[in-house]
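Reading through the structure tokens given below for one structure.
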Amino acid sequence: MTFDLIVNVAWKEEILDPAGQSTTKVLQQMGYAVDNVRIGKQIRLQVEAQDQDRALEAGREMAKRLLANPVMETYTVQVVEA
Amino acid sequence: MTFDLIVNVAWKEEILDPAGQSTTKVLQQMGYAVDNVRIGKQIRLQVEAQDQDRALEAGREMAKRLLANPVMETYTVQVVEA
Amino acid sequence: MTYEEVGLTAEEFTHICDQMGRVPNDLELGLFGVLWSEHCSYKSSKNLLAWLPHDGPAVVQGPGENAGVVQLDDKVHVAFKVESHNHPSYVEPVQGAATGVGGILRDIVAMGARPVALADSLRFGTDDPSQHLQHAVVEGVGAYGNAIGIPTVTGEVGYGAVYDKNPLVNVMAVGLLPAQRKISARGARPGSYLLLVGQPTGRDGIHGASLLASQDFGEGTEHMRPTVQVGDPFMGKLLMEATLAAVETGLLDAVQDLGAAGLTSAIAELVYRSQVGAQVWLDDVPCREPHMTPYEIMLSETQERMLLIVAPHHLEAIEAIMNHWELPHRVIGEVTEEPLLVIGTRDNPRQAVLPPEILAGACPLKPVPANGRDKGRQLVPSMPAFKPLTLEREWGLNVLGAPECKSRAPIYQRYDSMILTNTVWGPDHPLAVLRVKDSTAGLAIAVRGPGRYAALDPYSGGMAAVARVISLLATQGAQPLGLTDGINAGNPDREDVFQDLMALLAGIADASQALGVPVTGGNVSLHNETSGHPIWPTAVIGAVGRHSCPLEPVPDAPMAAGMDILWVGPEDLGLGGSIFESLYSPRLTPYPRANLTQLAEVLAWVTSLARTAPGIALRTIEEGGLFVAMSRAFIKAPEKLGITVKADDPVVEWLFSEAVGQFLIFSTPESTARLLEESPKSVTVRVVGQTTLDGALQFRAHKTLHYSREELERTFAQGYRG
Amino acid sequence: MRVGVISFPGSNCDDDTLNALAALGVEGVPLWYQQTELPPVDRLILPGGFSYGDYLRSGALAAQAPIMASVEQAIATQAMPVLGICNGFQILCERGLLPGALRPNVSGEFLCTWETLRVVSVPQGFVGLKTGDLLRMPIAHHEGAFAVEPGFLSTLFDQGQVFLQYSDPDGQVHALTNPNGSVANIAGISQGSVTGLMPHPERAMAQYLGSVDGRRFLKAWLGEEDQ
Ligand SMILES: Nc1ncnc2c1ncn2[C@@H]1O[C@H](COP(=O)(O)OP(=O)(O)O)[C@@H](O)[C@H]1O
Ligand SMILES: [Mg+2]
């Protein structure tokens, strides 16, 4: 069975996010009352697995091994309901 | 009041995502049964607004004007419940 | 489908029907639409480009191929060309600029040359959004160039409100190939395969060339936006390596890159130039998306694709190379004897049947009036010259800190300028000097596009663009091998715009002829206008020269105290078109016209000085005039050095005129006497100052202007804040 | 001496690195990322460039390449000297062969400039370099800000793993001499026989290219005294 997964990858809080910082600045210049913009990744993918649990497990493994870097990033994995 | 927003930005389906392509290939080489990896952005930010509706509206406007490029991207905006 | 829907006029449609002897079907009409678009057919500019000189002792390949080729020495040839990506960069600046870089690199690779350098010429508006645009365009140029690993070694940028909604992104690429290598789009032989290599075809950029780049922008352009394509420098790198490896085997008939109008243009040009035909199997074209129509497949502008023409018995060897580089590839058709381009599927093989000489060779060209070239020369706008009477210290700082003059470090530091380890002089100098590993000779590369000068007098501006790059080469004693020209202008169907275009090209043609340098290729981008406001006619000229001592460039700043400072320049200077004028005059006045005969003599003399005079430094005077040239030489000089200049009347004109043919020479007192003695009579050269040990820059006129190093450095780096 | 230079798809400083080795009279052996076994080589370089276009994260995709398992093994079993330059450094960190990670420059932009590097601790096997030596070499990267997990920085210093810091021309290290936002101005680190740095020694091989310090650096890594 094919499952759609979403892996969200975010910078750890103590890690500086220059892109987020400059986006904050530009948005403020544009007149928005915003702060603390942080730009992470949202990765969507399709995985073949026997069931949802195994799909999730594969997702977590891929996140840990490749999609996120544990030194600077955290991640969450979820299955998209069809 | 301060609201936490999440703006998810994804490539439109017909737009080439070279990073997603390469990631698919490497995950497959690593032995995962995956396909169609697409790498979008997940942007988190804080916005000052009178109420949730206005916060959402500001989020949509920012997404449209800056955070996403409608030429190639789609976006969704949501408020994170505290 | 109607002819209007594909961007053709009624006359063009009639012409097509007459030539074909029938009415084309929808697919055929669509193909005509793109190939007869301004962008692909050059219908408004071809007759003007014919004025340009194409021949010279070093020319191996003139216009008409993917890039021009000139001879560096017996063993090494140089392929180079400029290309614009103006419209795409406005719609999506990062991807637009990035794919512009990718596109021009593929043109160089299609000539069998390995790219060694990039140079970018950018124009932006003066409003707020233009700043974001600049940031994103620079990001895009860097994103592609840095990742594919070709250094951006020089470039230029300019500003004007006319570019607010029409930024210009012109990129020049330079590549090297062994002298004996002969590969082009002309060698396709019947029986050979069309091997399509690279990115699978998607719906990207359909109509990019025909609509986006061949029409004006206005309120209603929103719907065109989905035609933008994404660049993949990673695949670009693999494609470059694989194509060059394939060329190196000597087994290919021909190579053609896919650019504007995708497969349509690539195949039509190829079979037209090779005087053959082709059968294309659409079912074999690898597609990224399902259900693509023949029309979409033929018009897609998906990037990172290359068409290789290979005889059947060599296919295996070439495919092995593609496999090594992990590039998707597929035979999508066959070259045929009969000069007909036939496109179809296995079920329906003849969905389009077109003679290449009509499709690629019969688009009616806009006629040029018999006196067209003279007219440009004769249209001299006359206006009272701007002649300020006082002199203020602040003016110098304001000019030095103007966006046009201040340091470009914030741009060029975002480009890798050193990769490939050939960059002896990079973007912190007015032109680039590269060593060539297989030769004792090196390359001098310069690019300039003075649009402001062409605003009121395009003829003068055209001349100036050519004069500028040759002047830069002269300061290195480099011999110009060839020029490439990027023409950017408004809607050619407007009479005034076309007049300007004629005058601009007349200027380029006259100057390159008078200075004896051929134009070997280029690019034309028209329809740069928004809501009826065209840009300044902007000619971006790139030059490639042979440097005989690339490891020891002639310095562009004084090295020691006690050096004489000499000024070379024409008698009539004038402030027309200068930055100073744009800051302090209520209106723009025409840029001074160069005396080409005199200029040729000055350039010959400066070139010989650069080659033979010992211990000198040389610099051209450009944007911001003598003041800025002197300030920049001063900033570059060793920290303790000072410069004192005696300024004669008319002081302001002399300090800020941007007329071409002006140079600064720094020489030792021993050389000065000989230098003055041996200068030809036609050249005006005066000793105007000395380098000192006082660490400051001073101009002595009826009053003395004194500038500290710190103040000039800060102004140059950050701009002038008053 | 044979030095293997590993090319990944998208690597673009591999030729420059091979040229630099040739200029030093050392035999460079080009290796392709799909090789699963190393040929006989004495040392390895992971050159700079944009492996896999720097997609996902710089170095992350290349870190999974087939050849990396043999690199890992050669380090573990033979203490193979391995040098990662720029993207090579990123790959080594991503593979866990060096501590820390490289995050985007503080400017959020690619940066190509000349920098002065101060030697902090000389890594294992380097000859002719000592603490306090200064080297002038260029950087060219988008993700070059070295980062470590909280609390780990002092460990790195204590264990002598901090190799190079961005400094001013006189060797002073301070915030103004930090081009990219690296923690503690760190430009290079080492761990056992593995060394990584963001600057490009292979671009500083001749005075006419701006500096000869890359030559000195590579000779030191090769274990040869520079005269
Ligand atoms: N302004 C110009 N001056 C000289 N030659 C030009 C100019 N513009 C285009 N050409 C020549 O016309 C030919 C076709 O150009 P173009 O369609 O831009 O090629 P490509 O699709 O390979 O980029 C090229 O050989 C080019 O050099
Ligand atoms: Mg071409």
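Rule-based calculations on the coordinates, nothing more; no lab input. Bear in mind that the values here come from a model prediction, so they are computed numbers and not experimental data. All Cβ positions, glycine included, derive from the backbone under ideal geometry; neighbour counts span all protein chains shown.
Quick notes
- Dividing the helix sum by the residues of chain D, where each DSSP H run of 4 or more adds -39500 (n - 2.57), gives a mean residue ellipticity at 222 nm of -6000 deg cm²/dmol.
- Antiparallel bridges, percent of DSSP beta bridges restricted to the protein assembly as shown (to nearest 5): 80
- As a proxy for reagent exposure, ranking C:Lys366, C:Lys43 by other Cβ atoms within 10 Å from fewest up yields C:Lys366, C:Lys43.
- Cα gyration tensor category, rounded, prolate or oblate, for the range D:2-222 with a/c compared to 1.5: rounded
- Within straight-line reach of B:Lys25, meaning a Cα separation under 19 Å, sit the following lysines at least 8 residues removed in sequence or on another chain: A:Lys41, A:Lys64, C:Lys237.
- The sum of -39500 (n - 2.57) across all DSSP H runs of n ≥ 4, divided by the residue count of chain B, sets its helix-only mean residue ellipticity at 222 nm to -8500 deg cm²/dmol.
- Cα-based reach from C:Lys681 at 20 Å (exclusive), listing aspartates and glutamates while leaving out same-chain residues under 8 positions away: C:Glu571, C:Asp572, C:Glu601
- Cα-based helix-to-principal-axis angle, C:10-20 vs chain C, degrees rounded to 10: 50
- Which of C:His533, D:His174, D:His200, C:His77 has the fewest Cβ neighbours within 10 Å, and the rest in rising order: D:His174, C:His533, C:His77, D:His200
- Normalised by the number of residues in the range B:1-56, the average gap of Cα pairs under 8 Å and 6 or more apart makes the relative contact order 55 percent.
- Fraction of alpha-carbon pairs over 55 Å apart in the protein assembly as shown - percent: 16
- Using θ = phi - 60° in the Karplus curve 6.51 cos²θ - 1.76 cosθ + 1.60, the 3J(HN,Hα) couplings for the range C:649-664 round to 6, x, 4, 4, 4, 5, 6, 10, 5, 10, 3, 6, x, 9, 9, 10 Hz; x is entered for Gly and Pro.
- Within the range C:479-553, antiparallel bridges make up roughly 65 percent of the DSSP beta bridges whose residues both belong there.
- Legend: mean number of C-beta atoms from other chains within 10 angstrom of residue C-beta atoms, peptide A:60-68, equals 4.
- The C-alpha radius of gyration of the range C:239-369, expressed as a fraction of 2.2 N^0.38 Å, stands at 1.10.
- Amide hydrogen neighbours beyond the local backbone of D:Val41, cut-off 5 Å, H modeled: none
- Of all beta bridges that DSSP places with both ends in the range C:554-722, some 85 percent have antiparallel geometry.
- Span-like helix criteria (full DSSP H runs; alpha carbon extent of at least 15 Å along the helix axis; mean Kyte-Doolittle hydropathy of at least 0.0) are satisfied in chain D by D:67-78.
- Among C:476-485, C:119-128, sorting by the average number of other beta carbon atoms lying within 10 angstrom of each residue, highest first, gives C:476-485, C:119-128.
- Here the Karplus curve 6.51 cos²θ - 1.76 cosθ + 1.60, taken at θ = phi - 60°, turns the phi angles of the range D:159-170 into couplings of 7, x, 8, 7, 9, 10, 10, 5, 9, 8, x, 9 Hz, with x standing for Gly and Pro.
- Spatial separation of Cα centroids for the range C:348-390 and the range D:1-59, in angstrom: 50
- The charge dipole of the protein assembly as shown, taken about its Cα centre with unit charges on the Cβ atoms of Lys, Arg (+1), Asp and Glu (-1) only, comes to about 2160 debye.
- Between the range C:51-84 and the range D:77-121, the alpha-carbon center distance in angstrom: 41
- Between 0 and 90 degrees, the angle of helix C:262-274 with respect to the longest Cα principal axis of chain C falls at about 90 degrees.
- Peptide D:46-59, shielding by other chains (average Cβ, 10 Å cutoff): 6
- Per-residue ³J(HN,Hα) for the range C:676-687, Karplus 6.51 cos²θ - 1.76 cosθ + 1.60, θ = phi - 60°, Hz, x for Gly and Pro: 5, 5, 8, 6, x, 4, 5, 9, 8, 9, 9, 7
- Among C:Lys406, C:Lys237, C:Lys437, C:Lys375, a tally of other beta-carbon atoms within 10 Å of each Cβ gives an order, fewest to most, of C:Lys437, C:Lys375, C:Lys406, C:Lys237.
- Under 5 Å from the amide H of D:Val106 lie the amide H atoms of D:Gly181, each residue being 5 or more positions distant or on a separate chain, with H modelled from the backbone and absent for Pro and chain starts.
- Note on chain C: helix-only mean residue ellipticity at 222 nm, from DSSP H runs of 4+ residues weighted -39500 (n - 2.57) and normalised by residue number, equals -10000 deg cm²/dmol.
- Plainly put, the range B:2-80 has a radius of gyration that is 1.12 times its Kirkwood radius, both from alpha-carbon atoms, as the Rg/Rh ratio.
- With at most 15 other Cβ atoms within 10 Å, longest stretch of chain C clear of loop GluC sites (Glu not before Pro) (DSSP): C:6-325
- Under 5 Å, built H, 5+ apart or other chain: amide partners of A:Gly40: B:Gln42, B:Ile43, B:Arg44
- Separation between Cα centres of the range B:33-78 and the range D:167-196, rounded to whole Å: 37
- Shielding by partners - mean other protein chain Cβ count within 10 Å, residues of C:407-416: 4
- Our summary gives chain C a relative contact order of 16 percent, counting only alpha carbon pairs under 8 angstrom and 6 or more residues apart.
- Global geometry of the range C:1-106, whether rounded, prolate or oblate, following the gyration tensor of its Cα atoms and the 1.5 cut on a/c: oblate
- Straight-line cross-link reach from C:Lys165 at under 17 Å between alpha-carbon atoms covers these aspartates and glutamates, not counting any fewer than eight positions away in the same chain: C:Glu92, C:Asp127, C:Asp128, C:Asp216, C:Glu219, C:Glu222, C:Glu529.
- Using the average count of surrounding beta-carbon atoms within 10 Å as a protection proxy, the listed peptides A:49-61, C:177-189 rank, highest first, as C:177-189, A:49-61.
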